[in-house]
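Have a look at the structure below, then the notes.
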Amino acid sequence: MSEQDIEVVRDQFDAVNERDFERAMALYADEVVLVARGEPVPNPGTYEGKEAVGKWFGDWFQAFGRDYRFTIHEARELGDLIFIHATHGGSGRASGVEVRGENSYLYRVEDGKVARVEFYATRSEALEAAGVAE
């Protein structure tokens, strides 16, 4: 794990915020695994492969306006994982209703590509899954 691996994850968030989904998806390994579990994550489940992961993210972003953004508040290495804590929000595309939330994520980067990402509803759940006490 290196600072370069954290930068891969940061770049993926930046690309999403810029709506450069081609660049964002180029940062994922072909065999990437996405684990989206629990509330408030839409369409929870495990998604395998770049196409399935891209569709999951595409479905998410179709529901929101162009103002939807992620802000990383914490990014650090936890052994061979990268822990991210971020807030996100914007307006619903159809309703215009303001939506805000926060999630934590565990990323695994291999050979400069995101190989695995897991969503967690809370910071403490992600840290516990990584085997780290708060």
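Restricting segment 2-47 to GluC sites (Glu not before Pro) that sit in a DSSP loop and have at most 13 other Cβ atoms within 10 Å of their own Cβ leaves GLU18. Dipole size in debye (nearest 20) for segment 6-134 around its Cα centre, Lys and Arg Cβ +1, Asp and Glu Cβ -1? So the magnitude is around 380 debye. Amide H contacts of TYR28 (H built 1.01 Å from N, in plane; Pro and chain starts excluded): VAL114 sit under 5 Å, all sequence-distant by 5 or more or on other chains.
Helix 50-62 axis versus longest C-alpha principal axis of the chain: approximately 40°, rounded to the nearest ten. Between ALA121, VAL9, VAL32, the Cα set farthest toward the positive side of the dipole of the chain (charges on each charged residue's Cβ, about the Cα centre) is that of ALA121.
For LEU78, the residues whose amide H sits under 5 Å from its own are PHE83, ignoring neighbours fewer than 5 places away on the same chain, with H placed 1.01 Å from N.
With a 1.4 Å probe and all protein chains kept in place, how do ILE72, ILE82 rank by accessible area, largest first?
Details: ILE72 40, ILE82 0 Å².
Ranked list, largest accessible area first: ILE72, ILE82.
Each Lys or Arg adds one and each Asp or Glu subtracts one; over the other residues with Cβ under 11 Å from the Cβ of TYR68, this totals +3. The alpha carbon gyration tensor of segment 22-134 gives principal lengths a ≥ b ≥ c with a/c of 1.5 or higher and a/b no greater than b/c, which makes the shape oblate.
What net charge do the residues around ALA15 carry, taking every other residue with its C-beta under 9 Å from that of ALA15, with Lys and Arg at +1 and Asp and Glu at -1?
Working: positive: ARG19, ARG23; negative: ASP11, ASP14, GLU18, ASP20, GLU22.
Around ALA15, the charge tally is -3.
Applying the Karplus relation 6.51 cos²θ - 1.76 cosθ + 1.60 with θ = phi - 60° to segment 27-33 yields 3J(HN,Hα) values of 7, 9, 5, 4, 9, 4, 10 Hz, where x marks Gly and Pro. The share of accessible area on the chain that comes from carbon and sulfur is 47 percent, using a 1.4 angstrom probe. Taking the C-alpha atoms only, the angle from helix 3-17 to the longest principal axis of the chain is near 10 degrees.
How many Å² of accessible area per residue for segment 52-128, probe 1.4 Å?
Values: 3710 Å² over 77 residues.
That works out to 48 Å² for each residue.
The 3J(HN,Hα) values that the Karplus relation (6.51, -1.76, 1.60; θ = phi - 60°) gives for segment 41-47 are, in residue order, 5, x, 6, x, x, 10, 10 Hz. Gly and Pro appear as x.
Based on DSSP H runs of at least 4 residues, each adding -39500 (n - 2.57), what is the mean residue ellipticity at 222 nm of the chain after dividing by all its residues, to the nearest 500 deg cm²/dmol? Write out the running numbers ahead of the final one.
On the way: 4 runs with 41 residues, N = 134.
Only helices count here, giving -9000 deg cm²/dmol.
The values are calculated or read from the model by the stated rules, or taken from the named source; none is laboratory data. What you are looking at is a predicted structure, and each value in this text was computed from that prediction instead of being measured. All Cβ positions, glycine included, derive from the backbone under ideal geometry; neighbour counts span all protein chains shown. Each accessible area value is taken on the protein alone, full model and side chains, heavy atoms only, with ligands, DNA and RNA left out. Shrake-Rupley method; radii C 1.70, N 1.55, O 1.52, S 1.80 Å.
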